[in-house]
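Worksheet: the structure to be examined is printed underneath.
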Amino acid sequence: MANYEIDFQVVSQVRDEAANASNVTIALRFRRTDFYYVGWNDLDQERWRLNAENFPNQDTGDIGWNLNYGYSNPLPQNQWREVGRNNFRLPHNEDGSLTINIYGKIYFGVSPGTLEARKTITCTPNNRNVKITRFEQGTVNNTNVSFNWGTSGNIDALHLYDGDAKLREYSVSGSSGSIEYTVTPNRNYRFQIRVKKSGTSLWTNSGFIEYTLGYPTITGDFNLNINSPINLYFSGTTLPSSVYLYVGAKDDNNYFAEKKNIQSSYASITLTPDQKNKVYKLAGLKEWITVVVVQNLHINGVETPYQQYSATMQLNTSDTAPIFKNFSYSNINYAVSNIIGSNKALANIPCMQVQISTTNKAVSSVSSISKYVCSVTNASGFSRTYEALESQGTDVLIDLGGIPNSGYCSISMYAVDSRGIQSSPVVKQNAFEVLDYHVPIASTFSLERQGNFEQEVDLYIKCLISKVSNKNSSFSVSYRKCISGTQSWESWTSIYNISSSSDTTDYIKIINQKSFLSLDRGTSYDFQFKFKDKFSEVVINPTVPQGIAPLSVFEDGVVAINRIPDFNQADQAKLQVGGDILLRKESNNKDVFVAESLESMSTKLSTIEENNSQILSKLNGKINRSDIVDNLTSSSSTVPLSANQGRVLKEQINGILTIETRDLHGKPWGNDMNVKLAKLGSICICNIFWTGATGTSKSATISEVIIPDGFRPSTPVFATTQNVTSNSTYGASTRIQISSNGKISFVTDNTGMLERHVTFAYSIV
């Protein structure tokens with residue numbers, strides 16, 4: 001059986017809103033769904049009909065049509081064929097809606113015979129109701145909320161709903177207005193209005209407004225600044241509130257401000273100076289802090305916790321820097337100030353002091369004062385910084401120490417509180433002048449036995465005295481002595497017969513006395529020489545060793561050449577020589593240094609020791625007696641050494657490995673120099689510890705400390721020290737030289753009070 005479908009199509013709808021009607025054109029059509037359709041009827045019996053059954057007199061009756069689909073002109077499968085259409089004039093319902101219950105029938109006269117169908121058609125409604133053009137929340141007054149409304153036409157009734165629940169009916173007229181409703185705080189509402197068109201029963205519904213009227217809640221930007229008012233904005237009811245402010249966390253110790261009984265939507269808090277100070281005390285060094293805002297409500301007269309908020313506040317720590325205004329200074333070395341004045345100082349001599357009286361001390365409104373920092377500079381490049389801790393109840397005193405550079409010095413001072421914040425500096429330009437000065441310098445000093453052996457001792461001193469603008473003309477020299485190692489010093493004795501001259505900066509004092517003293521030839525003596533000007537004194541500590549004869553012959557057969565004999569070794573060493581021995585070999589008429597040869601032998605022995613493992617490997621446990629050598633001159637690495645020569649080798653090696661030490665002390669320019677020497681074989685390790693100034697000498701030879709024989713380098717050696725002062729490097733370095741005669745000399749660009757320490761090694765061969 002063939003499959004057919006019948007359908008209705010709304011071709012058009014022309015609405016007449018004034019008459020509340022529409023002209024609706026509906027077409028009737030069919031199709032075959034299982035195959036193409038072929039059919040014809042020559043009798044013209046085909047009929048169709050449309051009937052709007054829910055409207056009277058809206059029936060077309062049977063209307064003929066031509067069916068003519070042959071095999072040469074079939075209707076394709078699933079293709080709709082319109083049979084007929086009709087225009088209906090139909091009234092709408094009062095609310096503007098239009099629904100048609102349509103009936104259709106097609107009679108073919110041939111297969112498939114008759115097709116019928118019914119269908120409900122919903123048409124576009126007419127606009128009968130008024131439109132709500134405006135529905136919005138208006139003002140809030142305490143718990144009363146207003147709404148503004150507007151419609152496209154006049155209405156005579158308005159109802160307010162919360163969802164589906166009617167809240168209130170309002171008598172209204174016109175097309176706009178406002179209504180008011182009292183809400184319950186902290187309740188969620190879904191407001192809607194429904195309006196009735198005037199003179200009709202037509203209602204129109206609005207959209208929804210979600211609304212909750214909470215308790216007064218703080219809103220707005222919480223980025224605060226300590227120097228600006230803290231503005232608080234409240235949404236919700238005007239129930240009284242109180243607000244409390246804390247730094248970091250809600251804690252009584254962190255509280256700093258409040259505002260009570262706020263009954264409006266806005267309040268402002270301006271911090272007092274005391275409140276700001278408390279914030280800064282709690283904040284420390286922070287530039288931004290967290291402020292906790294606590295809001296309490298006054299419900300039934302009882303203050304009740306409600307909300308807690310977090311805000312950020314910008315601080316300005318510079319506003320709380322300590323206030324420091326003044327300090328004083330003076331020369332407290334009265335022996336100096338009485339000569340040159342209170343606003344002057346001497347280079348390298350501690351003189352000046354900075355004073356901060358109790359009345360001039362720094363103050364802080366938010367912190368305690370921790371320390372004071374003082375800087376002293378001059379045009380010569382000098383710069384030094386001092387720190388002094390705060391002293392409760394007493395003046396703060398800062399001694400500037402010895403300043404090496406001459407010229408006018410400026411002083412800058414600031415205070416630091418316990419948070420590390422600095423005050424503005426107080427600067428005093430060219431506060432005092434430093435005059436060029438050095439302590440008495442024995443640039444040349446010699447105290448020696450005549451011929452290095454005689455009882456008579458010659459003295460030669462060249463001493464430089466700083467002029468200090470011709471105010472330092474006084475000079476004296478004295479000495480005392482004791483037998484070395486006893487510390488039994490004699491009384492000080494003054495030296496006279498001093499010749500004088502001068503140059504641009506210094507007085508030159510010369511003492512040249514032949515046979516200055518007569519000393520026991522066999523005794524060593526320690527001396528102290530004191531050089532004194534108006535401002536300072538310097539002591540140097542030379543030693544006059546016992547006399548050393550070029551040749552000494554003693555009863556027990558001991559012969560000493562250029563040295564004092566060691567009688568403990570007299571049984572083994574009848575000939576004792578200070579220095580190397582030069583021999584002429586008859587075989588080749590060449591000169592040979594004995595000590596040098598022994599050193600060479602020691603080197604060869606070391607080579608043998610290094611190759612010992614190789615020798616043992618090659619011997620492989622098999623030794624021919626004929627291969628054993630009994631000397632230390634063989635260069636072979638494959639033959640064994642005799643036991644006798646092994647013993648000799650061991651004794652020589654032990655002698656080479658013996659460490660000799662010397663500890664030397666002196667006071668060049670009145671300052672300590674300590675030289676420590678340690679010798680192992682031909683290598684000497686030298687430690688120089690020298691703390692002091694060099695006066696005006698940028699290069700000189702030091703006579704107070706001399707490297708002894710046996711420890712002197714074969715050729716001049718050099719070492720460089722780093723200049724150090726106040727635990728930091730300062731200025732250029734100093735070069736130290738040790739000559740083969742044992743004299744120590746130096747070259748430096750900085751003559752001031754410095755630490756010069758260096759350790760180095762050299763060969764004494």
Candidates Leu680, Leu641 - the one that is surrounded by 12 or more Cβ atoms within 10 Å (Cβ to Cβ), more than 30 Å from Val539 (Cβ to Cβ) and modelled with pLDDT under 75: Leu641
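Conditions tested, residue by residue: (1) without any contact (Cβ under 8 Å) to a residue 60 or more places away in the chain; (2) surrounded by fewer than 22 Cβ atoms within 10 Å (Cβ to Cβ); (3) more than 21 Å from Thr394 (Cβ to Cβ); (4) touching a helix residue (DSSP H, G or I) at 6+ places or on another chain (Cβ under 6 Å).
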site	(1), (2), (3), (4)
Lys325	no, yes, no, no
Ser328	yes, yes, no, no
Val354	yes, no, no, no
Thr359	yes, yes, no, no
Val366	no, no, yes, yes
Lys371	yes, yes, no, no
Apart from one, (1) under 41 Å from the mean Cα position of the chain (by Cα); (2) over 30 Å from Glu596 (Cβ atoms); (3) among the charged types (D, E, K, R) all hold for Asp672; the odd one out is (1)
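Results for (1) modelled with pLDDT of 95 or more; (2) surrounded by fewer than 15 Cβ atoms within 10 Å (Cβ to Cβ); (3) in contact with a His (Cβ under 7 Å, 6 or more places away or on another chain); (4) not assigned by TED's automatic domain parsing to the domain that holds Lys698, shown as yes or no for each residue.
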{"site": "Val426", "(1), (2), (3), (4)": "yes, no, no, yes"}
{"site": "Leu459", "(1), (2), (3), (4)": "yes, no, no, yes"}
{"site": "Ser476", "(1), (2), (3), (4)": "yes, no, no, yes"}
{"site": "Cys482", "(1), (2), (3), (4)": "yes, yes, no, yes"}
{"site": "Gly485", "(1), (2), (3), (4)": "no, yes, no, yes"}
{"site": "Ser491", "(1), (2), (3), (4)": "yes, yes, no, yes"}
{"site": "Thr523", "(1), (2), (3), (4)": "no, yes, no, yes"}
Name, by its number, the condition in (1) farther than 14 Å from Ile132 by Cα; (2) over 60 Å from the mean Cα position of the chain (by Cα); (3) not charged (D, E, K, R) that does not hold for Leu158. (1)
Looking at (1) assigned to a loop (DSSP other than H, G, I, E, B); (2) of a type in the set (D, E, K, R); (3) surrounded by 15 or more Cβ atoms within 10 Å (Cβ to Cβ), which is the only condition Asp556 fails? (3)
Which numbered condition trips up Leu464, out of (1) among the hydrophobic types (A, V, I, L, M, F, W, C); (2) modelled with pLDDT under 90; (3) buried (at least 20 other Cβ atoms within 10 Å of the Cβ)? (2)
Selection from segment 525-538 of residues assigned to a strand (DSSP E or B) and crowded, with 19+ Cβ neighbours inside 10 Å yields Tyr525, Phe527, Phe529, Phe531, Val538
Of the listed residues (Asn54, Asn66), the one being polar (S, T, N, Q), assigned to a loop (DSSP other than H, G, I, E, B), assigned by TED's automatic domain parsing to the domain that holds Leu115 and without any contact (Cβ under 8 Å) to a residue 40 or more places away in the chain is Asn66
Here are Ile421, Ile411: which of them is over 30 Å from Gly666 (Cα atoms) and modelled with pLDDT of 95 or more? Ile411
Within segment 80-98, the count of residues that are within 16 Å of Thr122 (Cβ to Cβ), surrounded by fewer than 14 Cβ atoms within 10 Å (Cβ to Cβ) and in contact with a strand residue (DSSP E or B) (Cβ under 7 Å, 6 or more places away or on another chain) comes to 1
For segment 170-197: of the residues being among the charged types (D, E, K, R) and closer than 18 Å to Asn144 by Cβ, which is surrounded by the most Cβ atoms within 10 Å (Cβ to Cβ)? Glu180
Filtering strands (runs of 3 or more DSSP E) wholly in segment 150-221 for at least 2 residues that are more than 30 Å from Ser310 (Cβ to Cβ) and either touching a residue at least 24 places away in the same chain (Cβ under 8 Å) or of a type outside the set (Ser, Thr, Tyr) (or both) gives 165-170, 174-182, 188-197, 203-205
For segment 274-297, does any single residue satisfy the condition of being assigned to a loop (DSSP other than H, G, I, E, B) and free of Cβ contacts under 8 Å to residues at least 24 places away in the same chain? no
Just one of Gly150, Gly104 is among the small types (Gly, Ala, Ser) and either assigned by TED's automatic domain parsing to the domain that holds Arg187 or out of contact with any strand residue (DSSP E or B) (no Cβ under 7 Å at 6 or more places or on another chain) (or both); which is it? Gly150
Being touching a Leu at 6+ places or on another chain (Cβ under 9 Å) and more than 14 Å from Gly670 (Cα to Cα) is the filter here; which residues of segment 688-720 pass it? Ile706, Ile707, Pro708, Phe711
Return the residues of segment 711-754 that are assigned to a loop (DSSP other than H, G, I, E, B), among the hydrophobic types (A, V, I, L, M, F, W, C) and at pLDDT below 85; say none if nothing qualifies. Ala732, Met753
Subset of segment 293-311 (residues that are surrounded by 13 or more Cβ atoms within 10 Å (Cβ to Cβ) and among the β-branched types (Val, Ile, Thr)): Val293, Val294
Exactly one condition in (1) in contact with a Ser or Thr (Cβ under 8 Å, 6 or more places away or on another chain); (2) of a type in the set (A, V, I, L, M, F, W, C); (3) modelled with pLDDT of 90 or more; (4) surrounded by 19 or more Cβ atoms within 10 Å (Cβ to Cβ) is false for Ile398; which is it? (1)
Return yes when Tyr507 is among the aromatic types (Phe, Trp, Tyr) and within 60 Å of the chain's Cα centre (by Cα) and no when it is not. yes
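The values are calculated or read from the model by the stated rules, or taken from the named source; none is laboratory data. Every value quoted in this text rests on a predicted model; they were computed, and no experiment measured them. Please note: Cβ atoms are built from the backbone with ideal geometry, for glycine as well, and neighbour counts cover all protein chains shown.
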